[in-house]
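Only one structure is covered here, and it is reproduced in the block below.
The values are calculated or read from the model by the stated rules, or taken from the named source; none is laboratory data. These numbers come from a predicted model, not from an experiment. We place every Cβ from the backbone using ideal geometry, glycine too, and count neighbours over all the protein chains shown. Side chains are part of the model used for accessible areas, which takes the heavy atoms of the whole protein and leaves out ligands, DNA and RNA. Shrake-Rupley method; radii C 1.70, N 1.55, O 1.52, S 1.80 Å.
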Amino acid sequence: MLTVIFVMSFVCYMLLGLMPGDPVDLLISADPKLTSEDAARLKALYGLDQPLLNRYLNWLTAAVQGDFGYSRLYAKPVLEVLWGALERTLVLMSIAFLLSVLLAIPTGMLAARRIHTPTDYSINFLCFAGISIPSFWLALMLILLFSVILGWLPANATPLGQVGFFQKAQALILPVITLSMVSIGGVTRYVRSSMYETLHQDYITTAYAKGLSESQVVWRHGLRNSMIPVVTILSLDLGAFFSGAVIVEIMFAYPGMGKMLFDAINGSDYNLALVGLLLATLVTLLANFLADVSYVGLDPRISYQEQSK
Amino acid sequence: MTRAQLFIKRMMLHRVAVVCAGILSLLFLFALSAPILEMILNTDASKVNLFTRYQPFSLEHPLGTDELGRDLLVRLAYGGRVSLLVGFTAAIIAAAIGTLIGLVAGYFGGWLDTLLMRTTDSVIALPLLPLLIVLAVIDLEKLGIPASIANHQDIGLYRIIVIVSLVGWTGVARLVRGSVLSLRERPYITAARAMGVPAKRIILTHILPALTSPITVATTLSVGNIILFESILSFLGLGINPPTPSWGNMLTNAQELIWEAPTLAFFPGMLIFVTVLAFNFIGDGLQDALSPRSKKR
């Protein structure tokens, strides 16, 4: 995991180094009185005249010591800006994630129990629709319906000024709906296929044979056993889920990580963009790790003491 | 279950794919006929006319006009050309990259396999969109590409094809590797190896042909995703640049104009949605048709 972060930091640094302009160029365009000698002196002062690799090593040394630099747009230490954004993104993502999983499990199970019936086909169709819909367009259409035509909900997820919990929650409704709608289709399909496979195992037949009711079999014996592959795929999908959150945040002007990254990249805020990208990667990897840990809870046969993987 | 029922079920599964193929062909025709439509309607879709802004549906402009007075229908057709072109080209390039990586990893195994598959898994797990955004804004001149090429007006198109294929290969790579792993142990491959056929030849003549159907399925499924990525980037102003229309960038202005002209926001997105949906259903149908075993899904 550390290797991935390390490689990512290198790749991101190089990529951001390839972005147009550098901080001093931006200073020059902001202040016409700067002469080219000033610019050269500033570049030397910030180390910008050195090759990219040296700059990366300097950055890395500072970063390892906990100094991630300042954000240009916010004029604050990068980490200070990012913590708030990360918190808001996690709020948005976890509500949407919970919502889609809670809806996807019963729907997927229903489809698996009625496999190849009209119920199954309709659920499948809806899943495909959810997978295929462009998230930013869905957001636009929801804004059009609920904010423009009906006027029920705000189109902007950042309530102005100090507002109560209720307004904050209200502003979150549309972003959460959008994000869960684009992820729910995939989850439902995983649940469906995994459940279908589980329901054809011998122990399910045994469970029926010993006289358990269908709901007992499905919920107690089926659900838990079918969750392992689902958790695997879900954890792999978290990166995509984060990408979805980026779009949603941009669409609804929600000040989370995604919006911040987008603004940082557009506003040539290199430090913020770099650390933001790394933080996003780190969070995704941590979530993958958590998924690995949760197997132990789902399947008592898996234990991390025995295998050295 | 009787055979008749089975047959009907198969038909059901296929019918959706068939309908989707029909819809896609119509979309292709629509995109191809852009200049013809332009001629029939007697308008110029690239000409700004501020006197004909936001016109409602009419015979002259079947879907009305946009904020610069251009015919929406014709622009949708031209945008479709771009979106479909990017979707197909990038999907094919991505499939080629993925196939190569999958073949090498699966056939040679060992540390090479570990390295390649670790990379693939990491790319899958990463939040790709922020990376794509960074890739979309990098300065080509700093990469040593001459300014005349880097500032060419069509560069946006090539750039987005390259960027999207750079991240779109993972699905194919895993699939191909998986298939190669099982093929490699088949007797006819062992026989070929025993006869001293070089690895390159075994891969090209004995393994690759057997992989046609999984690669086709994975490529079809990835076209949809790639069109989505293209539209997102273009929507954010980082992909296809106006005035060249693409379904994604037609939505950029529509967001601000959603009060004045909701139809501008509706149609481009609807076309993206329908196209992606069709590709996904066809991919799914192909999967069922080509491998009867994958019924379980």
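Side notes on the structure shown:
- Any hit, the range A:226-244, residues being within 24 Å of B:ALA254 (Cβ to Cβ), in contact (Cβ under 8 Å) with a residue 24 or more places away in the chain and surrounded by 16 or more Cβ atoms within 10 Å (Cβ to Cβ): yes
This table checks each residue for (1) surrounded by fewer than 24 Cβ atoms within 10 Å (Cβ to Cβ); (2) within 30 Å of B:LEU183 (Cα to Cα); (3) among the small types (Gly, Ala, Ser).
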| position | (1), (2), (3) |
| --- | --- |
| B:THR205 | yes, yes, no |
| B:THR216 | yes, yes, no |
| B:ILE227 | no, no, no |
| B:SER231 | no, no, yes |
| B:PHE235 | no, no, no |
| B:LEU251 | no, no, no |
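- Set B:ILE240, B:ILE258: member being touching a residue at least 12 places away in the same chain (Cβ under 8 Å), of a type in the set (A, V, I, L, M) and on the phi < 0 side of the Ramachandran plot: B:ILE240
- Criterion: under 22 Å from A:SER243 (Cβ atoms) and not β-branched (Val, Ile, Thr) - qualifying residue of A:LEU138, A:LEU150: A:LEU138
- If you go through the range A:222-255 and keep only what is within 11 Å of another protein chain (Cβ to nearest Cβ), closer than 30 Å to A:THR198 by Cα and among the hydroxyl-bearing types (Ser, Thr, Tyr), you end up with just A:SER235.
- When the range B:253-264 is limited to residues that are open to solvent by less than 30 Å² (accessible area, probe 1.4 Å) and assigned to a helix (DSSP H, G or I), the one that is farthest from the other protein chains (Cβ to nearest Cβ) turns out to be B:LEU264.
- Residue within the range A:190-207 that is away from chain B (no Cβ under 11 Å), of a type in the set (D, E, K, R) and either buried (at least 19 other Cβ atoms within 10 Å of the Cβ) or more than 30 Å from B:GLY248 (Cβ to Cβ) (or both) present: yes
- Candidate set: the range A:271-294, residues that are within 10 Å of chain B (Cβ to nearest Cβ) and of a type in the set (A, V, I, L, M, F, W, C); chosen: the one surrounded by the most Cβ atoms within 10 Å (Cβ to Cβ): A:ALA273
- The set of residues in the range A:256-270 that are on the phi < 0 side of the Ramachandran plot and either out of contact with any Ser or Thr (no Cβ under 6 Å at 6 or more places or on another chain) or at the interface with chain B (Cβ under 7 Å from one of its Cβ atoms) (or both) comprises A:GLY258, A:LYS259, A:MET260, A:LEU261, A:PHE262, A:ASP263, A:ALA264, A:ILE265, A:ASN266, A:GLY267, A:TYR270.
- Single residue of A:TRP59, A:TRP137 found to be within 16 Å of A:LEU278 (Cα to Cα) and aromatic (Phe, Trp, Tyr): A:TRP59
- Candidate set from the range B:265-278 (those that are open to solvent by 10 Å² or more (accessible area, probe 1.4 Å) and in contact (Cβ under 8 Å) with a residue 12 or more places away in the chain); member that is farthest from A:MET141 (Cα to Cα): B:LEU277
- Out of A:PRO106, A:PRO77, sole residue that is within 30 Å of A:SER180 (Cα to Cα) and free of Cβ contacts under 8 Å to residues at least 12 places away in the same chain: A:PRO106
- Residue ID - nearest to A:LEU236 (Cα to Cα), chosen from residues in the range A:94-117 that are surrounded by 21 or more Cβ atoms within 10 Å (Cβ to Cβ) and within 13 Å of chain B (Cβ to nearest Cβ): A:GLY108
- For the range A:118-152, a residue qualifies if it is open to solvent by 20 Å² or more (accessible area, probe 1.4 Å), farther than 30 Å from A:GLN170 by Cβ and within 10 Å of chain B (Cβ to nearest Cβ), and the qualifying residues are A:PRO118, A:TYR121, A:PHE125.
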